[in-house]
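S.K.: Okay, handing you the structure first.
The values are calculated or read from the model by the stated rules, or taken from the named source; none is laboratory data. Not measured: the values here are computed from a predicted model. Here the Cβ is made from the backbone with ideal geometry for all residues, glycine too, and neighbour counts use every protein chain on show.
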Amino acid sequence: MDEAYYEFGTPAERWDRAQLFFEAKEYLTAARILGGLVQEVPEQVAPRLLLARAYYHSARLAKAETELREVLERNPVEDYARLMLGRTLERQGRHTEAATHLRMAHAMTEDFGPGLLAQEQQDQE
């Protein structure tokens, strides 16, 4: 695809287009659109969070981690970014570091994800 396609339109149009590609599980295409959008509006959390999700689902875990850390730098109480960072670190085999973020996400939402309750109980023993 021509590079102009990824940059074509207003930020709102590119956001809509990126969401469509993400929903169609075209994560790499969504990431290409979102990358430019995030550079244009770095203060907005939603495009960066969707970019991190696109990277996560396309197994570009280092990039997902970078974007999630940037989200948390800008908004430390973004619980979904905290949860995603924990899951991203888990997929990279960094379980100890992941556990910290998963516990923080749990504390923010009081929601036990699969395996989190067992992990919490094991940590307490």
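S.K.: Any chance you could count how many residues in region 1-28 are among the polar types (S, T, N, Q) and either buried (at least 21 other Cβ atoms within 10 Å of the Cβ) or at pLDDT 95 or above (or both)?
M.R.: 1
S.K.: What are the pairs, 6+ residues apart or on separate chains, where a residue within region 46-59 that is farther than 11 Å from ALA81 by Cα has its Cβ under 8 Å from a residue that is at pLDDT 95 or above and hydroxyl-bearing (Ser, Thr, Tyr)?
M.R.: Every condition considered, the pairs that remain are ALA54/TYR27; TYR55/TYR27; TYR56/THR88; HIS57/TYR27; SER58/TYR27.
S.K.: Could you list, in sequence order, the residues of region 75-85 that are in contact (Cβ under 8 Å) with a residue 12 or more places away in the chain and outside any helix (DSSP H, G or I)?
M.R.: Of everything in region 75-85, those that are in contact (Cβ under 8 Å) with a residue 12 or more places away in the chain and outside any helix (DSSP H, G or I) turn out to be ASN75, VAL77, GLU78.
S.K.: Out of curiosity, is LEU50 within 30 Å of PHE8 (Cα to Cα), among the hydrophobic types (A, V, I, L, M, F, W, C), touching a Lys or Arg at 6+ places or on another chain (Cβ under 9 Å) and modelled with pLDDT of 90 or more?
M.R.: no
S.K.: To continue, here is another question. Being part of a helix (DSSP H, G or I), in contact with a Phe, Trp or Tyr (Cβ under 7 Å, 6 or more places away or on another chain) and over 27 Å from PHE8 (Cα atoms): is that true of THR88 here?
M.R.: So THR88 passes the test.
S.K.: Can ALA98 be described as surrounded by 13 or more Cβ atoms within 10 Å (Cβ to Cβ) and at pLDDT 95 or above?
M.R.: Criteria not met by ALA98.
S.K.: Given the conditions (1) within 29 Å of LEU28 (Cβ to Cβ); (2) at pLDDT below 95; (3) exposed (fewer than 13 other Cβ atoms within 10 Å of the Cβ), report the number of the one that ALA62 does not fulfil.
M.R.: (2)
S.K.: Return a yes/no flag: does region 40-47 have any residue that is surrounded by 20 or more Cβ atoms within 10 Å (Cβ to Cβ), aliphatic (A, V, I, L, M) and farther than 24 Å from HIS106 by Cα.
M.R.: No.
S.K.: Name, by its number, the condition in (1) under 15 Å from the mean Cα position of the chain (by Cα); (2) at positive phi that does not hold for ALA62.
M.R.: Answer for ALA62: the failing condition is (2).
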